[in-house]
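A.B. asks: Before we start, here is the structure in question, set down as structure tokens.
Only the coordinates and a few stated rules stand behind these numbers; no lab work does. If you're wondering where the values come from, they're calculated on a predicted model, not measured in any experiment. Backbone-built Cβ (ideal geometry, glycine too); neighbour counts: all protein chains shown.
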Amino acid sequence: MSVAVASIPVSSDNFVGEWDLLVEGTPQGDVRVIMTIEKVDGKLKGKFKMAGTDQETTLSSISEGNDSISFSFFAEGYDLYMNLNANGADALKGYLVDQFPVTGKRLK
């Protein structure tokens with residue numbers, strides 16, 4: 001699955017790295033993904049990789065605040081978005097499409 005990537009300049013690296021995310025209660029059940037965020041030429045880029053597979057999804061429209069990150073992506077035939085907030089230095093909490101709870105921890 002491939003999607004055009006849009007990114008914006010950012011000044012911090014709060015969310016750069018690999019994250020183990022769990023999206024709960026989706027129609028497909030609980031879904032675990034590995035999210036990778038990197039900074040390339042001063043802009044954030046990212047992708048999801050379904051846990052245990054080689055299937056990757058590109059993140060687009062990445063926007064970072066002081067303690068939050070949001071982005072869009074295309075999966076299962078739908079344009080989706082996710083909003084996440086820092087929950088300590090190495091944890092995230094938020095929602096997929098304002099409906100499904102998401103928790104995550106930084107992989108080291």
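A.B. asks: Suppose the chain between Ser72 and Thr26 were pulled fully straight at 0.36 nm per residue; how much longer would it get relative to their current alpha carbon spacing?
C.D. replies: So the extension gain works out to 14.9 nm.
A.B. asks: Additional query: What does the charge count near Lys108 come to, summing +1 for each Lys or Arg and -1 for each Asp or Glu among other residues with Cβ under 13 Å from its Cβ? Kindly include the intermediate steps, with their values, before the conclusion.
C.D. replies: Numbers: positive: Lys105, Arg106; negative: Glu18, Asp20, Asp90.
Computed value for this residue: -1.
A.B. asks: Just to check I understand the Karplus step: with θ = phi - 60° and J = 6.51 cos²θ - 1.76 cosθ + 1.60, what whole-Hz values come out for region 70-82, glycine and proline as x?
C.D. replies: Computed from phi, the couplings for region 70-82 are 9, 6, 10, 6, 10, 8, 6, x, 10, 7, 10, 9, 9 Hz.
A.B. asks: Counting just the Cα atoms, what span does region 42-88 cover along each of its three principal axes? Round to the nearest Å and put the largest first.
C.D. replies: 31, 22, 21
A.B. asks: How big is the charge dipole of region 9-108 about its Cα centre, in debye rounded to the nearest 20, if each Lys and Arg gets +1 on its Cβ and each Asp and Glu gets -1 on its Cβ?
C.D. replies: On the way: 10 positive and 15 negative charges, 41 e Å.
The calculation lands at about 200 debye.
A.B. asks: For every other residue with a beta carbon closer than 13 angstrom to the beta carbon of Thr36, add +1 if it is Lys or Arg and -1 if Asp or Glu, then tell me the sum.
C.D. replies: Residues close to Thr36 contribute a combined charge of +1.
A.B. asks: Right, next: At 0.36 nm per residue, and after removing the present C-alpha to C-alpha distance, how many nm does the segment from Glu38 to Asn87 gain when stretched out fully?
C.D. replies: Stretched out fully, the Glu38 to Asn87 stretch lengthens by 15.7 nm.
A.B. asks: Also, I was wondering about something else. Specify the residue with the greatest mean-square fluctuation among Asn83, Asn66, Asn14, computed from a Gaussian network of the chain linking alpha-carbon atoms under 10 Å apart.
C.D. replies: Highest fluctuation of the listed residues: Asn66.
A.B. asks: Considering the Cα positions of the chain, please state its Rg to one decimal place and its Dmax as a whole number of Å.
C.D. replies: 12.7, 37
A.B. asks: Also, quick follow-up: With r defined as the distance between the Cβ atoms of Gln99 and Lys49 and R0 fixed at 22 Å, what FRET efficiency is calculated, to the nearest 0.05? Write down the numbers at each step before the final one.
C.D. replies: Details: r = 23 Å, r/R0 = 1.03.
Once the sixth-power term is evaluated, E becomes 0.45.
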